[in-house]
Amino acid sequence: MTEYSGSTSRLFEALVFDLDGVIVDTERLIHAVWTDLFAEHGCSFTAAEWATAIGTAGGFSPYEALVMRSNVVPPTSEEIDRRVETLVGAQLRESGPLRGVRAWVEEAECRGLAVAIASSSPAEWVEARLTDVGLLAHFEVRATRSAVLPAKPEPDLYLEACRRLSVAPARALAVEDSLHGLTAAVAAGLTCVAVPGPLTAHLDFSSAAFVVDSLESFPLGQVLANLDLRGEATRS
């Protein structure tokens, strides 16, 4: 791990990441699989439809839409799941995490910030994707969608991550790429850094404290320094 000699943040004690689209490039890969499937069956879906499902477990159901719009019988949902899993796993093992993620995680740990995951995906998916990119050991706390923890935009996943870290939500910084995720983080009381991807860049992230093009272009220290300065200005 890289040595870091800078001071810790005056405002934050923890960093809580979304997974899909923030740590790993799964949003784009899954979208590509479904785009190809629809094309193979002579139909399509819109960007607006797809956006309703990003960062949550509800919204647009591509499988239901494929069944309704295709003129032939499509593969089963289980067959499609296997196709997605095979492609995503292979791609992530080759590419690793998204740009800047590893540096953010390592700097957070060097600064003494706790790190966690808050994801609308199920636990098995989250563990597999972190394993694919070699980051599982960094995230012992993983709040994932379950029978008792609803998907975003409900705030429960962020509240659970903070509870397990023993950190007040107001002292935690969320990192999100979707509007559902941003809504959940803000509702839970976290400050949020938005890092929109190609599929979410058109959405309204005005309630985020900071919007960055990528985690690589804005190092964690730069973001924390700006947020600390804003906090000091608010209190003065």
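The values are calculated or read from the model by the stated rules, or taken from the named source; none is laboratory data. It should be emphasised that the depicted structure is a prediction, and the values quoted were computed from it without experimental measurement. We place every Cβ from the backbone using ideal geometry, glycine too, and count neighbours over all the protein chains shown. These area figures cover heavy atoms from the full protein model, side chains too; ligands, DNA and RNA do not enter into them. Shrake-Rupley method; radii C 1.70, N 1.55, O 1.52, S 1.80 Å.
Before moving on, here are some points about what is shown:
- Search result, residues across the range 129-142 that are open to solvent by 30 Å² or more (accessible area, probe 1.4 Å) and outside any loop (DSSP other than H, G, I, E, B): T131, L136, A137, H138, R142
- Within the range 100-122, the set of residues being of a type in the set (K, R) and touching a residue at least 60 places away in the same chain (Cβ under 8 Å) comprises R111 only.
- Restricting the first member to the range 24-50 and to residues that are in contact (Cβ under 8 Å) with a residue 60 or more places away in the chain and farther than 18 Å from L203 by Cβ, and the second to residues that are open to solvent by 60 Å² or more (accessible area, probe 1.4 Å) and not basic (K, R), the beta-carbon pairs closer than 6 Å and six or more apart or on different chains are L29/Q91.
- In the range 153-181, the residues that are part of a loop (DSSP other than H, G, I, E, B) and either of a type outside the set (D, E, K, R) or more than 11 Å from the chain's Cα centre (by Cα) (or both): P153, E154, P155, S166, V167, A168, S178
- Residue, nearest to V101 (Cα to Cα), within the range 182-201, restricted to residues that are in a loop (DSSP other than H, G, I, E, B) and without any contact (Cβ under 8 Å) to a residue 40 or more places away in the chain: P196
- Residue within the range 76-88 that is on the phi < 0 side of the Ramachandran plot, under 16 Å from the mean Cα position of the chain (by Cα) and not in a loop (DSSP other than H, G, I, E, B) present: yes
- Subset of the range 170-179 [over 25 Å from G58 (Cα atoms) and either open to solvent by 20 Å² or more (accessible area, probe 1.4 Å) or aromatic (F, W, Y) (or both)]: A170, R171
- Any hit, the range 110-126, residues being outside any loop (DSSP other than H, G, I, E, B) and among the polar types (S, T, N, Q): yes
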